[in-house]
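Chemist: Encoded as structure tokens, here's the structure I'll be asking about.
The values are calculated or read from the model by the stated rules, or taken from the named source; none is laboratory data. In this text the structure is predicted, and so the values were computed from the model without any measurement. Heads up, the Cβs are rebuilt from the backbone with ideal geometry, glycines too, and the neighbour counts pull from every protein chain shown.
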Amino acid sequence: MDNPFSAVYDSPRSTRTDSVYSQATSTRPMLDLKDFDQSFSSDTALVGGDVKDTKDTTATGRDEKSRPSSFLAGFGGSIQLPRNSSYGANLSSGAQTPTSTTGLSLSVNYLPSKFSGALLSRRSSRVDLGGAGGGGDGKEVVDVPKSGGGTAAFKSNEQRIGGASGQKLRWTRFKWILFFTNLLLSLYSLGTFIVCLLTWFDVWKHAEVIRFGNRTELVLSTLASSLGILTSVIGWAGILLNNRMFLSIYTLMTWITFIFLVTPGYITYRKRTYNLEGKVNQQWSRNLGPIARTRIQNQLSCCGYFSPYVEATVTQTCYSRSVLPGCKLPYLSYQRRILQVFWKTAFAVVPAHVVVMVAALLCSNHVTYRFGKGMMPEAYRLNMDSMAVIMDQYAAQLADQYGPEVAHKVLERSRSNMNLLQKQ
């Protein structure tokens, strides 16, 4: 079997998902010094079977820097030490993260000082009261941070992934904001879509006038309401499933819906404000066909444009001797009224939709108290290269503190543990 500690520098970002390191739950059991700490104090070390003072190590004529290399020579030279690293300072203080020459972090899953500091050093000032009044035993209580979730998940030293506990989980305030804003989007989108469908199906009075005289505005309004419904459905999927990918698509779709929302409002406002009479004259004479004129004449009870003799379409009620008035005045009045309804409705929804967009931008990434996807970034995943350098540093530390033979025993036991993991 190949040496498991040999470094293979093929890629700084490469990972070994099938290696023994990724299959192990933690690297700390492989590097445990509990058995040795019970037998040796911090001021003594086992060298050649004898207990000697580590303070006299330099007096024996043995070079401190060359001793790790001589120790590693017993392993066939498969582990190479970085000469420019300060092992003791990096590993004990944690102030500087040890890195390889490629810049890949080597402290992941090995020295989690960022997360274990609260457990190892912080203790609560509370004392479990004893006696008749209290039910405690008077011992000091260890202040252990909870395993994530809840309203305090953003505090310092808080884990982002909750564990098994009887505490009921709650939605974040950001998720509630997304819930209500998406509900608002669903309501006005669905309402607008229903109104547009009823117009297409000629349910309203004079709906045919809108279908033939304001077809562009009606199509854009139907498309905007359809996009609003689609956006709200994506939002519900992201909110209820806590899916940030859906919520990112939802945020983008709110902007697209906003564009289609203000477009019919802008078109109708400009059409009504600037020379509406001239636009109606041009529409009747050039854009409307015989079928459209017939429908408008029947709906508005008129004949021709100015009179039955000017640009009229012959029907059962519209002919040369008809007493019906021309369609210009009723059609122009109806256009003024319906265009005003269009742009006022569109612009009235804009503030609510802006609130929806801002809420989606600010809250979509905080639908849960977890940060990101809860996955270890690729740059921080433990690979064979990182493990090799970690073991180099660890071997050097053991050799400096206890001597080469103790370090040799620890690493041999680590090898046997990894062999057992591979067999499993």
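Chemist: Quick check on my filter: what residues within the stretch 171-193 are part of a helix (DSSP H, G or I), farther than 17 Å from Pro264 by Cα and β-branched (Val, Ile, Thr)?
Modeler: Scanning the stretch 171-193 gives Ile177, Thr181.
Chemist: Here are some conditions: (1) assigned to a loop (DSSP other than H, G, I, E, B); (2) in contact with a Pro (Cβ under 9 Å, 6 or more places away or on another chain); (3) at pLDDT 85 or above. Ala346 meets all but one. Which one does it not meet?
Modeler: (1)
Let's see how each residue does on (1) touching a Gly at 6+ places or on another chain (Cβ under 9 Å); (2) at pLDDT 90 or above; (3) in a loop (DSSP other than H, G, I, E, B):
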| position | (1), (2), (3) |
| --- | --- |
| Phe246 | yes, yes, no |
| Phe258 | no, yes, no |
| Pro264 | no, yes, no |
| Glu311 | yes, no, yes |
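Chemist: Right, next: Go through the residues of the stretch 280-301 one by one and say whether even a single one is over 49 Å from the mean Cα position of the chain (by Cα), outside any helix (DSSP H, G or I) and hydroxyl-bearing (Ser, Thr, Tyr).
Modeler: Yes, that holds for at least one residue.
Chemist: Let me ask you something else. Only one residue in Thr216, Thr273, Thr254 is surrounded by fewer than 19 Cβ atoms within 10 Å (Cβ to Cβ), at pLDDT 90 or above and under 39 Å from the mean Cα position of the chain (by Cα), so which one is that? If you could, list the steps in order and put the result at the bottom.
Modeler: Numbers: Thr273 fails: under 39 Å from the mean Cα position of the chain (by Cα); Thr254 fails: surrounded by fewer than 19 Cβ atoms within 10 Å (Cβ to Cβ).
Only one candidate qualifies: Thr216.
Chemist: Moving on to the next point. Tell me, yes or no, whether the stretch 274-289 has at least one residue that is over 30 Å from Thr313 (Cβ atoms) and in the same structural domain as Tyr334 (by the TED database). Talk me through it step by step, then tell me what you get.
Modeler: Quick first cut of the stretch 274-289, residues over 30 Å from Thr313 (Cβ atoms) only: none.
No, there is no match, as no residue in the stretch 274-289 is over 30 Å from Thr313 (Cβ atoms) and in the same structural domain as Tyr334 (by the TED database).
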